[in-house]
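> Handing you this structure, nothing more for now.
The values are calculated or read from the model by the stated rules, or taken from the named source; none is laboratory data. None of these values were measured; they are calculated from a predicted model. Every residue, glycine among them, receives a Cβ derived from its backbone with ideal geometry; neighbour counts consider all protein chains shown. Please note that ligands, DNA and RNA were not included when accessible areas were found on the heavy atoms of the full protein model with its side chains. Shrake-Rupley method; radii C 1.70, N 1.55, O 1.52, S 1.80 Å.
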Amino acid sequence: MDYDQFYGERGGFKAASREWLVENTDLARGSGSLLDAGCGNGEWSMLLAEWYHVTGIDLSSEGIAKAREARDASGFTHEQLNFRCGDVLDVSGEIWDVIFCRAPSFLNLPCEHPALRANFERLLQYCPGGRLIYIKYSARPYERWVQSNYFAGFDTDPETAPDSRWYYNDPEKLVELIGQITPRSVRHQVRGNYILIEVGD
């Protein structure tokens with residue numbers, strides 16, 4: 001999947017909602033440092049910067065360029081809201097109070113896939129004393145690949161671009177998988193069309 005093309009032509013998912021964050025999470029009552037892992041064009045980062053010092057990281061240079069443009073137009077400083085282009089799974093030596101991931105493609109895998117476990121393990125290293133919050137748009141029935149309407153008109157061949165489809169894991173299985181990785185508490189809830197999974201103490 002060519003995310004540079006997607007962000008360049010579509011501008012992003014346009015799904016971020018401050019109201020949703022306030023009504024369905026306690027993030028609005030938090031503070032400290034936050035990593036938006038797989039931030040895309042930074043639409044969720046922009047909202048979260050109201051309460052946190054946010055670092056958004058994404059592989060898409062086009063997405064990061066749009067995120068920086070939006071940040072510069074918003075009045076947020078670089079200290080409040082910083083965007084970097086790169087692989088969030090290759091970050092080393094940095095720790096955040098909160099890791100926020102809204103269905104990034106590197107977590108778009110069945111629970112049985114070894115890369116999913118490895119990617120969660122990596123993320124959990126970034127917040128040893130903090131929280132990891134994973135928010136995934138959900139569909140019923142769980143445990144199936146589906147074509148994403150967001151990527152209509154882009155390279156959506158399942159063989160050449162598997163991340164152009166979405167895999168909907170059963171929330172209980174995701175909680176079980178993460179619980180195998182960390183001794184910390186893992187809980188989940190389904191809110192509307194979203195699964196929220198939180199790791200913390």
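> Between GLY130, GLY93, GLY75, which is in contact (Cβ under 8 Å) with a residue 24 or more places away in the chain and small (Gly, Ala, Ser)?
Numbers: GLY93 fails: in contact (Cβ under 8 Å) with a residue 24 or more places away in the chain; GLY75 fails: in contact (Cβ under 8 Å) with a residue 24 or more places away in the chain.
Within the list GLY130, GLY93, GLY75, the selection yields GLY130.
> A follow-up question, please. Give me the pairs, please: first residue somewhere in region 185-196 and outside any strand (DSSP E or B), second residue anywhere and at pLDDT below 95 and loosely packed, with under 15 Cβ neighbours inside 10 Å, beta-carbon distance under 8 Å, and either six or more positions apart or on two chains.
ASN193/ALA139
> Six or more apart or on different chains, Cβ atoms under 7 Å: show the pairs whose first residue is in region 166-183 and within 18 Å of CYS127 (Cα to Cα) and whose second is basic (Lys, Arg) and open to solvent by 20 Å² or more (accessible area, probe 1.4 Å).
From residues that are within 18 Å of CYS127 (Cα to Cα), the pairs are LEU177/ARG117; ILE181/ARG117.
> If you don't mind, there's one more thing I want to ask. Can you tell me how many residues in region 28-71 are of a type in the set (A, V, I, L, M, F, W, C) and within 21 Å of ILE95 (Cβ to Cβ)? Reasoning before the result, please.
Within region 28-71, the first condition is being of a type in the set (A, V, I, L, M, F, W, C), and the residues that meet it are 28, 34-35, 37, 39, 44, 46-49, 51, 54, 57, 59, 64-65, 67, 70.
Okay, now just the ones that are also within 21 Å of ILE95 (Cβ to Cβ), so 34-35, 37, 39, 44, 48-49, 51, 54, 57.
Total satisfying the criteria: 10.
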